[in-house]
Amino acid sequence: FEYEESSIQLESGDKIFLYTDGVSEAENNEHKLFGDTTIMDIINLNISATPRELIGKMEEEISAHVNGFAQSDDITMMAIVYNG
């Protein structure tokens, strides 16, 4: 794999949500993936949530999506607010 280096300038109050592919690839019994679009939808609907609240909401939505189907990959998430 080729990797690119880049940087961004964070402003006070900016948020970062990091996750492993186990989040986007969480699948239900119909083999439908949770997906990046769903992740972005949840973030946008919870834009004012604290990091803890956002991760909790994401966990709830993943659980509802998989509906008891066996987890096949790790699910790791981190949310950060930059306070300047």
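Only one of the numbered conditions (1) in a loop (DSSP other than H, G, I, E, B); (2) free of Cβ contacts under 8 Å to residues at least 12 places away in the same chain is not met by Phe69, and that is (2).
Scan segment 25-48 for residues that are of a type in the set (Ser, Thr, Tyr) and either closer than 16 Å to Glu60 by Cβ or assigned to a loop (DSSP other than H, G, I, E, B) (or both) and the total you get is 2. Checking the structure you have, find out if any residue of segment 34-43 is open to solvent by 40 Å² or more (accessible area, probe 1.4 Å) and touching a His at 6+ places or on another chain (Cβ under 8 Å). The answer is yes; a qualifying residue exists.
The values are calculated or read from the model by the stated rules, or taken from the named source; none is laboratory data. Please read all numbers here as calculations on a predicted model, not as lab measurements. Heads up, the Cβs are rebuilt from the backbone with ideal geometry, glycines too, and the neighbour counts pull from every protein chain shown. Heads up: the accessible areas ignore ligands, DNA and RNA and are worked out on the full protein's heavy atoms, side chains in. Shrake-Rupley method; radii C 1.70, N 1.55, O 1.52, S 1.80 Å.
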